[in-house]
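In what follows, a structure is listed as structure tokens, so that the remarks can point back to it.
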Amino acid sequence: MTAQRVNVAIVGGGLMGREIAAAIQRWPALIDHPVRPRLTAVCDINPAALEWFDEIDTVVTKTTDYADILADDSIDVVYVAVRHDLHEKIYSDVIASGKSLLAEKPFGIDGAAAQAVLAVMAEHPESFVRCSSEMPFFPGAQLAIDYVKSGALGTIISARNSFLHSSDLDVTKPINWKRQTQFCGEAGVMNDLGMHTWHVPLRLGWAPESVYAVLQDIVPTRPGPDGTPVPCDTWDNAVLHSWSRHEGVRFPLTTETKRIDPGQKNTWEFEAIGLDGGVRFSTKNPKSVQVFSVVDVPGGSREQVWQQIDVGSQSVWPTVTGGIFESGFSDSILQMWAAFLAERHGSLGDRFGAARPEEAALTHAIYRAAAVSHAEARAVTL
């Protein structure tokens with residue numbers, strides 16, 4: 001099979017831009033993928049950030065102005081990782097250029113920005129657009145998703161999806177844009193991390209009917225550039241208790257996004273429990289998935305059992321890695337890109353795909369409801 005060549009540009013040469021560049025260099029690990037991406041251009045307003053990409057010999061364009069990338073007819077796909085307040089303008093410009101876009105969460109600083117981007121999409125249907133959300137591409141996460149879709153839960157009782165880390169545990173950590181409402185948005189940690197906790201629930205059809213939110217601003221000031229404390233006015237932690245429906249049954253869904261959760265590094269967790277079965281997965285133990293069932297035992301009784309399954313390395317798209325090995329964060333990013341480009345190509349089929357723009361836009365309505373809920377100490381209907 002001859003793979004379709006796709007030229008990729010990155011706008012934003014920071015952490016995630018480098019992660020995506022590394023994932024593209026690992027593309028030969030995928031088996032029989034219909035697309036072969038090549039990173040050819042990088043943009044960052046800081047020239048020093050472009051130096052990291054010098055070792056990638058396919059990069060022929062390095063620029064501080066993303067207009068240069070949009071004017072380059074050889075570029076097919078653009079990945080954008082910039083501040084939330086810049087999403088609406090840059091995403092809209094990429095889409096209007098006709099190029100495909102893999103956007104970063106939260107897909108606009110607020111709901112109005114997300115809706116503006118959707119409007120541009122409607123005017124340019126030739127542009128294929130998805131939003132980055134890599135954690136569900138762990139093999140264990142995929143097993144858990146398939147378990148729920150199989151009907152093995154029976155009547156659902158409850159579900160939970162969490163994204164937890166402790167990046168802000170150090171109260172002396174200097175302020176940055178993710179800790180300032182003007183750049184990150186009023187949703188704070190939900191804007192920054194919330195797509196991780198809503199991608200799977202929304203894909204399973206669990207859009208919330210109502211939300212009760214508990215939000216925490218734990219560290220209200222942080223050191224500014226000169227060391228003087230400045231307001232750190234975004235939410236650090238957010239726990240949302242929602243009512244959702246699964247196969248017509250109303251159930252409680254809890255989502256957690258936390259920057260300050262002592263003991264966590266970068267943990268994604270999913271759990272769904274029903275009368276007949278249940279499933280749990282955490283990236284803390286990436287090879288292990290727990291499955292619950294009720295079984296007949298000698299003597300005629302029925303007992304509740306949690307079993308452990310080792311899932312190995314394989315996720316949405318097969319790779320050369322042996323199935324007995326474990327998967328990690330960089331593998332999940334590679335799998336997300338494999339799904340994104342396969343869906344753009346029309347070859348994804350019924351496999352799990354990257355977050356859709358309408359899913360990303362819906363999260364803003366959820367975050368807005370959460371803000372009202374917290375302020376008024378009540379559940380808010382969506």
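Quick notes
- Within the range 242-266, the residues that satisfy the criterion of being polar (S, T, N, Q) and crowded, with 18+ Cβ neighbours inside 10 Å are 242, 244, 255, 257, 264.
- Check on residue 181, farther than 27 Å from residue 272 by Cβ and under 24 Å from the mean Cα position of the chain (by Cα): yes
- Filter result for residue 238 (among the hydrophobic types (A, V, I, L, M, F, W, C), surrounded by 23 or more Cβ atoms within 10 Å (Cβ to Cβ), outside the structural domain of residue 110 (by TED's automatic domain parsing) and within 20 Å of the chain's Cα centre (by Cα)): yes
- Selection of the range 185-215 for residues being crowded, with 23+ Cβ neighbours inside 10 Å, of a type in the set (A, V, I, L, M) and not in a helix (DSSP H, G or I) yields 187, 211, 213.
- Scanning the range 153-184 for residues that are surrounded by 24 or more Cβ atoms within 10 Å (Cβ to Cβ) and closer than 18 Å to residue 230 by Cβ yields 179, 184.
- Flag for residue 330 being outside any helix (DSSP H, G or I), of a type in the set (Ser, Thr, Tyr) and in contact (Cβ under 8 Å) with a residue 12 or more places away in the chain: no
- Hey, residue 190 outside the structural domain of residue 371 (by TED's automatic domain parsing), in contact with a Pro (Cβ under 9 Å, 6 or more places away or on another chain) and over 30 Å from residue 310 (Cα atoms) or not: no
- Scanning the range 293-321 for residues that are in a strand (DSSP E or B) and surrounded by 15 or more Cβ atoms within 10 Å (Cβ to Cβ) turns up 309, 319.
- Exactly one residue out of 256, 269, 303, 247 is among the charged types (D, E, K, R) and without any contact (Cβ under 8 Å) to a residue 24 or more places away in the chain, and it is 303.
- For the range 127-160, the set of residues classified as touching a helix residue (DSSP H, G or I) at 6+ places or on another chain (Cβ under 6 Å), assigned to a helix (DSSP H, G or I) and either over 19 Å from residue 256 (Cβ atoms) or of a type in the set (S, T, N, Q) (or both) consists of 137 only.
- Which listed residue is touching a residue at least 40 places away in the same chain (Cβ under 8 Å) and either under 30 Å from residue 314 (Cα atoms) or among the hydroxyl-bearing types (Ser, Thr, Tyr) (or both), from 90, 109, 31: 31
One line per residue, one yes/no per condition, for (1) among the β-branched types (Val, Ile, Thr); (2) buried (at least 16 other Cβ atoms within 10 Å of the Cβ):
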| position | (1), (2) |
| --- | --- |
| 36 | no, no |
| 44 | no, yes |
| 59 | yes, yes |
| 62 | no, yes |
| 69 | yes, yes |
| 94 | yes, yes |
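The values are calculated or read from the model by the stated rules, or taken from the named source; none is laboratory data. What you are looking at is a predicted structure, and each value in this text was computed from that prediction instead of being measured. Cβ sites come from the backbone with ideal geometry, for glycine too, and all protein chains shown count toward neighbours.
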